[in-house]
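The values are calculated or read from the model by the stated rules, or taken from the named source; none is laboratory data. These figures come from a predicted structure and were not determined experimentally. Glycine also receives a Cβ, built like all others from the backbone with ideal geometry; neighbour counts cover every protein chain displayed. We work out accessible area using only protein heavy atoms, side chains counted, and drop any ligands, DNA or RNA first. Shrake-Rupley method; radii C 1.70, N 1.55, O 1.52, S 1.80 Å.
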Amino acid sequence: MHFHTQNVHFPNKEKAQEVSKTKPIYQTSAFTFQDFEEMEQYFSGDKSYLYTRMGNPNSDDLAKGTADLEGAEMGASAASGLAAILAGVLAVAKTGDHIVATQDLYGGTYSLFANDLQDFGIDVSFVDMESREEIESAVQENTVLLYSESITNPLLRVEDIEGLSQIAAGRGLRLMIDNTFATPYLIRPHESGADIVAHSATKYIGGHSDVTAGVVTGNKELMQKARGKIAMLGSNIGPFDAWLGVRGLKTLAVRMEKQCRNAASLAEALQSEKAVKKVYYPTAASPEGNGAIVSIELADGVDATAFSKELDWVKVVPTLAGLETSITYPIATSHRPLPDELREKLGVTAQTIRISVGIEDERDIIDIFQKALQQSAARVNS
Ligand SMILES: *Cc1c(COP(=O)(O)O)cnc(C)c1O
């Protein structure tokens, strides 16, 4: 072997002797075979991997880890939450089909459904999912899917998944639930009859704000379809991102436990602040807790931007679910794509702030919000 060849061909075909404690990162675009005969084994199903766009051990790890926690037969991971949602939807719906979705969707999903799915010839009606009549009257002959979120954004409505699955079963529809805010630690939608569960693993599954990733889970038939869509749309997740997703997933339970406790304490403390008109925090999302997001409506006259400047170590971000406490301004970020009338109808206003509660000491979290709110209240009075 000459230098140029040797420089490229390491490590070589020999079997590795070392067995790593963590899953190695298969940072590769493809897999190699001893000969054509062995390569053929991929097509007969005796080998799992051929080409990373079609499957990779790290992306399968993220999919399987999430599917196991969701109590699903199989999962498929994708490059982002939206890519996973699209793959899940396309596993069920095709051109000419119709979807009934909740009106209080995450903004990106709203945009995907209202604009891009229309371009695929898939029509979506947005309804108030708390009204059985609205759902029933929106269902058409070509409706194939009912779509909602387990805990909605930013006002934290807890969906009645069992109720929706009864409607879906009665009308022969599939039910898909975005479980990003709740995570399987709090809510497992498949247990209540959901056919497909979607995650932005960018949020709690990743947990460290260092990766963009998505997962869908469900039965084998639906997930093989979803996985096929991801492979053909080229929306597969890269090996390193999948590996980061798995690393995050392993601490989901401890993070959620702590973050939910902190959030419950913060929600309680904010009730008595003069600068707060309303605190949004669920009361019965799950026996394990009520989530780690607290939203507030600032009192009339309190300036949201001035409030955001008072928060020192609390980060201002367009996302949620990291280890560190952060805030966002839904009208400017997650809910920017929504039409004004819909935002108003949902109650997302210029006074709405969404707090993603982190793993810090709850005394420090409560203290920094109380001080900022008291400063804000003082400014209104002066
Ligand atoms: C962030 C988010 C998404 C989109 O996920 P990406 O990873 O940004 O593509 C979908 N649903 C919910 C509820 C989200 O919070």
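Looking at the range 16-31, which of the residues that are of a type in the set (Ser, Thr, Tyr) and at pLDDT 95 or above is nearest to Arg247 (Cα to Cα)? Let's see the steps before the verdict.
At the first step, the residues of the range 16-31 found to be of a type in the set (Ser, Thr, Tyr) are 20, 22, 26, 28-29.
Retained after the next criterion (residues that are at pLDDT 95 or above): 26, 28-29.
Values: Tyr26: 14, Thr28: 19, Ser29: 21 Å.
Filtering first and then ranking leaves Tyr26.
Just give me the residues in the range 75-85 being open to solvent by less than 30 Å² (accessible area, probe 1.4 Å) and either assigned to a helix (DSSP H, G or I) or of a type in the set (A, V, I, L, M, F, W, C) (or both), in sequence order.
Ala76, Ala78, Gly81, Ala83, Ala84, Ile85, listed by residue number.
Please tell me if Thr217 is within 15 Å of the ligand (Cβ to nearest atom), open to solvent by 10 Å² or more (accessible area, probe 1.4 Å) and among the β-branched types (Val, Ile, Thr). Let's see the steps before the verdict.
Values: within 15 Å of the ligand (Cβ to nearest atom): yes; open to solvent by 10 Å² or more (accessible area, probe 1.4 Å): no; among the β-branched types (Val, Ile, Thr): yes.
So Thr217 fails the test.
Output the residues belonging to the range 130-153 that are assigned to a loop (DSSP other than H, G, I, E, B) and open to solvent by 10 Å² or more (accessible area, probe 1.4 Å).
We begin by selecting, within the range 130-153, every residue assigned to a loop (DSSP other than H, G, I, E, B); these are 130-131, 139-142, 150, 152-153.
Scanning the range 130-153 gives Glu130, Ser131, Val139, Gln140, Glu141, Asn142.
For Ser265, work out the one condition from (1) open to solvent by 20 Å² or more (accessible area, probe 1.4 Å); (2) hydroxyl-bearing (Ser, Thr, Tyr); (3) without any contact (Cβ under 8 Å) to a residue 60 or more places away in the chain it doesn't fulfil.
(3)
Hey, can you tell me all the residues within the range 101-121 that are surrounded by 13 or more Cβ atoms within 10 Å (Cβ to Cβ) and farther than 23 Å from Ser334 by Cα?
Initially, the range 101-121 is screened for residues surrounded by 13 or more Cβ atoms within 10 Å (Cβ to Cβ), giving 101-114, 117, 120.
Within the range 101-121, just Phe120 meets the criteria.
Is it true that some residue in the range 17-29 is open to solvent by 60 Å² or more (accessible area, probe 1.4 Å) and either within 16 Å of the ligand (Cβ to nearest atom) or assigned by TED's automatic domain parsing to the domain that holds Ala168 (or both)?
no
Here is a list: Gly108, Gly75, Gly81. Which entry is modelled with pLDDT under 95 and touching a strand residue (DSSP E or B) at 6+ places or on another chain (Cβ under 9 Å)? Explain how you work it out, then say what you get.
Values: Gly75 fails: modelled with pLDDT under 95; Gly81 fails: modelled with pLDDT under 95.
The conditions single out Gly108.
So the check is Cβ under 7 Å with 6+ separation or different chains; which pairs have a first residue in the range 165-188 that's closer than 19 Å to Ala285 by Cα and within 16 Å of the ligand (Cβ to nearest atom) and a second one that's open to solvent by 10 Å² or more (accessible area, probe 1.4 Å) and aromatic (Phe, Trp, Tyr)?
Asp178/Tyr106
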